[in-house]
Amino acid sequence: MTFSEIQKDLKAKKYKPVYFLHGTESYFIDAISSYIEKNVLSEGEKAFNQTVLYGKETEFKQVVDAARRYPMMASHQVVILKEAQEMKTLKDLIKYIEKPLDTTILVICHKHKKFDSRTKFGKAIKSKALVFESKKLYDNQLPDWIVGYLKDKKFNIEPPATAMMAEYLGTDLSKVVNELDKLTINLPPKTTITAQHIQENIGISKDYNVFELQKALGQRQVSKANRIVQYFVDNPKKGPLVMMVGALYNYYSKIYTLHFLKNSSEQDILTQLKLRSSYFLKEYKLTARYYNRLQTEQVLSLLKEYDLKSKGVNFNNVHQFEGELKKELVWKILNV
């Protein structure tokens, strides 16, 4: 089942005896287990019918004993095992997993890595439990996810604002959700979120960010590019070199691909570049006019060189010279 399908069933009070939540993205695991913890039982029912255990300090017998109890004056009892990846005797839960109680909701949260379903315990889980693998989003999936999250909360967001959020916050969904919730708390419902809203409520500058830098470089706007990179020099945490290089490499990689798609349809180009709409395609096409294929190759070569420097490869004291490296890189891109 997908995250959305599980959410829908939980809200409809359709429960499973065992939930096994595993994978590299903590956000979805936390969201499911938190919903069950907060909503399945009333406050009065929780005192006798809800147990939360932690893998590092728990043996399988404690989990089994808790799970085999019958609910007191409630339809269900809830047992949540958090940080299950740290539980040494996790596999010994297999006998309970094979014959769970219908009146117990056992939630096993196994974070930070995918569980091996080829083991005996893994096969039992797959056969008897609702298994959900929580995967990290790819960079190109994040903008759509942001749009969807806000839509569920009755908000819209403009494409440039979405790009800003995605570029600066990365794919750590717990961090992304924290910042999105700041916006929704401070803005009226049904607001269309703009870059200005993000600057006022989150602190990401609508004028001085990587998204604006790549546009300035892409259109060879020398003064604007220099102003932005100077802002990054003066505010190192706002635009670290490694993030700046990564964002620009992703941008110019798309420009390079675009040079090979001149005879393709717009929909094919959007698919190949993994773009959500033609809104962004216009900018990429404009940049392709300023950088021919050879020049784009030169920019990509530069970015590979500075990526290594940003990570200290054949370059000492990166932090001491990071500001100079940023300015040097921008100058070289503008002059290919």
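The values are calculated or read from the model by the stated rules, or taken from the named source; none is laboratory data. In this text the structure is predicted, and so the values were computed from the model without any measurement. Note that each Cβ is placed from the backbone with ideal geometry, even for glycine, and that neighbours are counted across all protein chains shown.
Quick look at the values:
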read-out	value
Residue match in region 297-310 (condition: among the basic types (Lys, Arg), in contact with a helix residue (DSSP H, G or I) (Cβ under 7 Å, 6 or more places away or on another chain) and farther than 17 Å from residue 230 by Cα)	yes
Residues satisfying the stated conditions in region 118-167, i.e. surrounded by fewer than 17 Cβ atoms within 10 Å (Cβ to Cβ), in the same structural domain as residue 97 (by TED's automatic domain parsing) and among the small types (Gly, Ala, Ser)	127
Scan of region 267-288 for residues that are basic (Lys, Arg) and within 10 Å of residue 255 (Cα to Cα), ordered by number	285
Residue ranges of helices (runs of 4 or more DSSP H) in region 139-205 with at least 1 members farther than 20 Å from residue 248 by Cβ and acidic (Asp, Glu)	142-152, 173-186, 195-201
Subset of region 178-222 that is out of contact with any Lys or Arg (no Cβ under 6 Å at 6 or more places or on another chain) and of a type in the set (Ser, Thr, Tyr) - its residue that is surrounded by the most Cβ atoms within 10 Å (Cβ to Cβ)	208
Condition check for residue 60: aromatic (Phe, Trp, Tyr) and out of contact with any Leu (no Cβ under 6 Å at 6 or more places or on another chain)	no
Test: residue in region 202-216 that is of a type in the set (A, V, I, L, M, F, W, C), more than 27 Å from residue 272 (Cβ to Cβ) and modelled with pLDDT under 95	yes
Among residues of region 19-57, those that are out of contact with any helix residue (DSSP H, G or I) (no Cβ under 9 Å at 6 or more places or on another chain) and of a type in the set (Val, Ile, Thr), counted	2
Meets criteria (of a type in the set (Gly, Ala, Ser) and touching a Leu at 6+ places or on another chain (Cβ under 6 Å)) for residue 47	no
Close pairs (7 angstrom Cβ cut-off, 6 or more residues apart or separate chains): farther than 13 Å from residue 139 by Cβ in region 230-250, assigned to a helix (DSSP H, G or I) and among the acidic types (Asp, Glu) anywhere	236/322; 241/322; 245/307
Residue 321 vs. criteria exposed (fewer than 15 other Cβ atoms within 10 Å of the Cβ), touching a helix residue (DSSP H, G or I) at 6+ places or on another chain (Cβ under 6 Å) and modelled with pLDDT under 90	no
Residue list for region 214-253, filter: among the polar types (S, T, N, Q) and closer than 22 Å to residue 289 by Cα	214, 219, 221, 223, 226, 250, 253
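This table checks each residue for (1) aromatic (Phe, Trp, Tyr); (2) out of contact with any Leu (no Cβ under 9 Å at 6 or more places or on another chain); (3) under 19 Å from residue 208 (Cβ atoms).
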site	(1), (2), (3)
259	no, yes, no
278	no, no, no
287	no, no, no
331	yes, yes, yes
